[in-house]
Amino acid sequence: MSAPFIPVILAGGKGERFWPLSRRSRPKQFLCLDGSGQSLLQATAARLLSLAGGWEQLLVITAAPIAQGVREQLPELPASNLLIEPEGRDTAPAVAWGSLTIAEKYGPEAVVGFFPADHYLPDQGGFEGALKAAIAFAQTQNAIVTLGIQPQEPATGYGYIERGEPAGEENGLPIYRVSRFTEKPDAQTAAQFIATGRFSWNSGMFFFRAGVVLAELARHAPQILTPLQNRGVGAYGTLEKKSIDYALMEKTDKAYVLPCDFVWDDLGDWNALERLKKDEEANTNLGNHWALESRGCIVYNDNPEEVIVTLGLADLVIVRDGKATLILPKNRTQDIKAALKSLQGEEKYQDLL
């Protein structure tokens, strides 16, 4: 009997760059942004269920403040399959805790896949084909496989993966050793990467046997793994806040990349709506917007009884949600986190965060 495949959804993020639609109690993964009627979290679970074999073999890791929201979003998820972090410590502790849990329950040979909860992946066939190839490779190799996305532009909001030597083929898809990871380069460097034809965007999706990643974490990140082994989730408050990329993937010699060309978007900020809708109109509108001599704007209005009127504007993001309004240039969406941080010190705005 082959080892089981256990997908793990990482659903603890805040989605701050989608504020004010994304709030502390309603983070981005709870939102429906594509008109499908499913939240991003629900869509992620739905696309994984067939490969997992059902809800019993699907895990979700989330943060304590939004755990009840996850239960409401995924009522069929068994209670024991929801791992609740008492505080967010980035992805390395989540991967370590999830892998320890799976190794204990299913054994070290179980193949684990980690998936962000907030990605847009409309091509189920292409996605499943890539997953099956990554799973098959991880089953037989001491490997940590990541899916690399074919770059569409020299984006500066993604990490990049450079392909090294060919390492084999699964299901007709080539797999390569990773030469290097580069985190969010500037525009000139990103353009140079793409010109070589050797780079993929880092999707944040990883596959490995539980025992393989635990051995690599013991080697490269014992300060994260050992406390969790000794004290379980009670160790969280003492753990270093670190991403799995920095803690492990940039250090291990067992990293492999499977380049993919299916449609993918990590929906990182408001600009993603322009890519999703691909309107032929002058602006991207969600809700009532009356545009006069305005072009290239992304406008979200949550109230069907209200209208946002723009005159002579270009390339702005305008978001009206409840009692909060956000207006900024489209090229400044990465700075929304800084704006929120400045609001956190004001007591009168706490209910809007």
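The values are calculated or read from the model by the stated rules, or taken from the named source; none is laboratory data. Note that the structure is a prediction, hence the values are computed from the model and not measured. Ideal geometry is used to build each Cβ from the backbone, glycine not excepted, and the neighbour counts take in all protein chains shown.
In this structure, does L313 turn out to be of a type outside the set (D, E), touching a Cys at 6+ places or on another chain (Cβ under 9 Å) and either free of Cβ contacts under 8 Å to residues at least 40 places away in the same chain or surrounded by fewer than 12 Cβ atoms within 10 Å (Cβ to Cβ) (or both)? First the steps, then the outcome.
On the way: of a type outside the set (D, E): yes; touching a Cys at 6+ places or on another chain (Cβ under 9 Å): yes; either free of Cβ contacts under 8 Å to residues at least 40 places away in the same chain or surrounded by fewer than 12 Cβ atoms within 10 Å (Cβ to Cβ) (or both): yes.
Spelling it out, L313 is indeed of a type outside the set (D, E), touching a Cys at 6+ places or on another chain (Cβ under 9 Å) and either free of Cβ contacts under 8 Å to residues at least 40 places away in the same chain or surrounded by fewer than 12 Cβ atoms within 10 Å (Cβ to Cβ) (or both).
Could you identify the single residue in E104, E56, E87 that is within 28 Å of Y246 (Cα to Cα) and in contact (Cβ under 8 Å) with a residue 24 or more places away in the chain? I'd like the intermediate steps shown before the answer.
Values: E104 fails: in contact (Cβ under 8 Å) with a residue 24 or more places away in the chain; E56 fails: within 28 Å of Y246 (Cα to Cα).
After applying the criteria, what remains is E87.
Counting just the residues of the range 170-181 that are in a strand (DSSP E or B) and in contact with a helix residue (DSSP H, G or I) (Cβ under 7 Å, 6 or more places away or on another chain), which one comes out nearest to E250 (Cα to Cα)?
Here is the first cut: in the range 170-181, the ones in a strand (DSSP E or B) are 170, 173-181.
Within this subset, residues satisfying the condition of being in contact with a helix residue (DSSP H, G or I) (Cβ under 7 Å, 6 or more places away or on another chain) are 170, 173, 175, 181.
Details: E170: 24, L173: 24, I175: 18, F181: 6 Å.
In this case the residue turns out to be F181.
Using the structure shown, decide if F207 is among the aromatic types (F, W, Y) and either modelled with pLDDT of 95 or more or in contact with a His (Cβ under 8 Å, 6 or more places away or on another chain) (or both). Show your work before the answer.
Working: among the aromatic types (F, W, Y): yes; either modelled with pLDDT of 95 or more or in contact with a His (Cβ under 8 Å, 6 or more places away or on another chain) (or both): yes.
Taking the combined requirement at face value, the residue satisfies it.
Condition first: basic (K, R) and either touching a residue at least 12 places away in the same chain (Cβ under 8 Å) or not assigned by TED's automatic domain parsing to the domain that holds Y120 (or both). Can you find one or more residues in the range 204-217 that meet it?
The initial filter retains those residues of the range 204-217 that are basic (K, R), namely 209.
With either touching a residue at least 12 places away in the same chain (Cβ under 8 Å) or not assigned by TED's automatic domain parsing to the domain that holds Y120 (or both) added as a condition, the list becomes 209.
Yes: the range 204-217 contains one or more residues that are basic (K, R) and either touching a residue at least 12 places away in the same chain (Cβ under 8 Å) or not assigned by TED's automatic domain parsing to the domain that holds Y120 (or both).
What's the total number of residues in the range 177-203 that are out of contact with any His (no Cβ under 9 Å at 6 or more places or on another chain), buried (at least 21 other Cβ atoms within 10 Å of the Cβ) and touching a residue at least 40 places away in the same chain (Cβ under 8 Å)? Working first, answer last.
Just the residues of the range 177-203 that are out of contact with any His (no Cβ under 9 Å at 6 or more places or on another chain), to begin with: 177-202.
When the remaining residues are screened for being buried (at least 21 other Cβ atoms within 10 Å of the Cβ), the result is 178, 190, 199-202.
With the extra rule that they be touching a residue at least 40 places away in the same chain (Cβ under 8 Å), the set shrinks to 178, 199-202.
Looking only at that region, the number is 5.
Of these, A195, A155, A167, A191, which one is assigned to a loop (DSSP other than H, G, I, E, B), assigned by TED's automatic domain parsing to the domain that holds L100 and hydrophobic (A, V, I, L, M, F, W, C)? Can you show your working first?
On the way: A195 fails: assigned to a loop (DSSP other than H, G, I, E, B); A167 fails: assigned to a loop (DSSP other than H, G, I, E, B); A191 fails: assigned to a loop (DSSP other than H, G, I, E, B).
Among A195, A155, A167, A191, only A155 is assigned to a loop (DSSP other than H, G, I, E, B), assigned by TED's automatic domain parsing to the domain that holds L100 and hydrophobic (A, V, I, L, M, F, W, C).
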